[in-house]
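The values are calculated or read from the model by the stated rules, or taken from the named source; none is laboratory data. Keep in mind the model is a prediction, meaning the values are calculated, not measured. Note that each Cβ is placed from the backbone with ideal geometry, even for glycine, and that neighbours are counted across all protein chains shown.
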Amino acid sequence: MGSIDDLPPLRDVISRHGLRPKKSLGQNFLHDLNLTARIARAAEPLEATTVVEVGPGPGGLTRALLSLGARRVVAIERDERAIAALEEIAAYYPGRLDIVAGDALEADYDALLGPERAAIVANLPYNVGTALLIQWLTAEPWPPFYDQMVLMFQREVAERIVARVGDKAYGRLAVLAGWRTEAKILFDVSPSAFVPPPSVTSSVVRLVPIERPIPCDSETLQRVTEAAFGQRRKMLRQSLKSLGVDTAALLANANIEPTARAEEIDVAGFVALAQEYVKLKLA
Ligand code: SAM
């Protein structure tokens, strides 16, 4: 595929708008429109979908999403230098690209989106990628404002998202993602695909919300996993002491052996711990 649209090559867009990549904004740009199309296709069907794209930068992925038929793209970009480049794409696809200049961590997604089906698709800035994911995983009400997320992370982070109990990468992020979503690594992207190349391989992950996860308060779940994995080699009867409740009662009520370690407890076990913790706190 030579080109997906009649817009100028990304290299030209980047030089014309002076988009010298900034490390502070986690800027590693994809120049290959075949690759951006592959990421966009992972989020199909796009036709009836409003896509939220965080960090469009010069717009490689944005162009792929629009050329593959996304009904509307809401692109949230913090770098003001990129806005003029994105406006050229908006003019090429009239009425289909809304550019939001600002910080995605502060965005009000309900206000940006209508009632239509939404998906989040992004090559995330590495410095805020995990914080954004946690925000989206803890969205209320649930099911959330999106039907799926197709996100690029560093491979190591992707492994922490999809890990199952017993895996080396299993920890807080896997529990949160596993509680509310089905998460899967779709494919890897080599450092050479980016300008500048990062030091590590990246992976594209798809997360699909589970309609009815086991009821649980997300903040409590995070608190419990933080305590448990903060001292992952210790037995839970020790590591959970920082929660400030009767640890023996907490573990007994959740049906978990006091000698178990965090890495042996599956998602349902952590949800049970969070539920029992709330009851003990209220007692
Ligand atoms: N989507 C482009 C691509 O694939 O080539 C750029 C991806 S680059 C890894 C991350 C982008 O996120 C940059 O354009 C950066 O300016 C933007 N960004 C960084 N922090 C952000 C934030 N808090 N909110 C919105 N965008 C942000």
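Structure data summary
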read-out	value
Helices (runs of 4 or more DSSP H) (entirely within region 1-117) containing at least 3 residues that are within 20 Å of the chain's Cα centre (by Cα)	33-41, 60-67, 109-112
In region 65-106, residue farthest from the ligand (Cβ to nearest atom) [restricted to those that are farther than 17 Å from ASP5 by Cα and among the charged types (D, E, K, R)]	ASP98
Among the residues listed as THR62, THR36, THR49, the single one being at pLDDT below 95 and either within 13 Å of the ligand (Cβ to nearest atom) or closer than 22 Å to ALA139 by Cβ (or both)	THR49
Subset of region 152-202 [hydroxyl-bearing (Ser, Thr, Tyr) and crowded, with 21+ Cβ neighbours inside 10 Å]	TYR170, THR181, SER202
Close pairs (9 angstrom Cβ cut-off, 6 or more residues apart or separate chains): of a type in the set (Val, Ile, Thr) in region 84-107, exposed (fewer than 14 other Cβ atoms within 10 Å of the Cβ) and part of a loop (DSSP other than H, G, I, E, B) anywhere	ILE89/ASP5
Residue count for region 107-133, restricted to those that are among the small types (Gly, Ala, Ser), within 14 Å of the ligand (Cβ to nearest atom) and under 13 Å from VAL51 (Cβ atoms)	1
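For (1) assigned to a loop (DSSP other than H, G, I, E, B); (2) of a type in the set (Val, Ile, Thr), each residue gets a yes or a no:
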{"site": "LEU173", "(1), (2)": "no, no"}
{"site": "LEU176", "(1), (2)": "no, no"}
{"site": "TRP179", "(1), (2)": "no, no"}
{"site": "LYS184", "(1), (2)": "no, no"}
{"site": "SER192", "(1), (2)": "no, no"}
{"site": "PRO198", "(1), (2)": "yes, no"}
{"site": "VAL204", "(1), (2)": "no, yes"}
{"site": "VAL208", "(1), (2)": "no, yes"}
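Here is a yes/no grid of residues against (1) outside the structural domain of TYR170 (by TED's automatic domain parsing); (2) out of contact with any Ser or Thr (no Cβ under 8 Å at 6 or more places or on another chain); (3) surrounded by fewer than 16 Cβ atoms within 10 Å (Cβ to Cβ); (4) over 17 Å from LEU173 (Cβ atoms):
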residue: VAL224; (1), (2), (3), (4): yes, yes, no, no
residue: ALA228; (1), (2), (3), (4): yes, no, no, no
residue: LYS234; (1), (2), (3), (4): yes, yes, yes, yes
residue: GLY244; (1), (2), (3), (4): yes, yes, yes, yes
residue: ALA249; (1), (2), (3), (4): yes, yes, yes, yes
residue: ALA252; (1), (2), (3), (4): yes, yes, yes, yes
residue: ALA262; (1), (2), (3), (4): yes, no, no, no
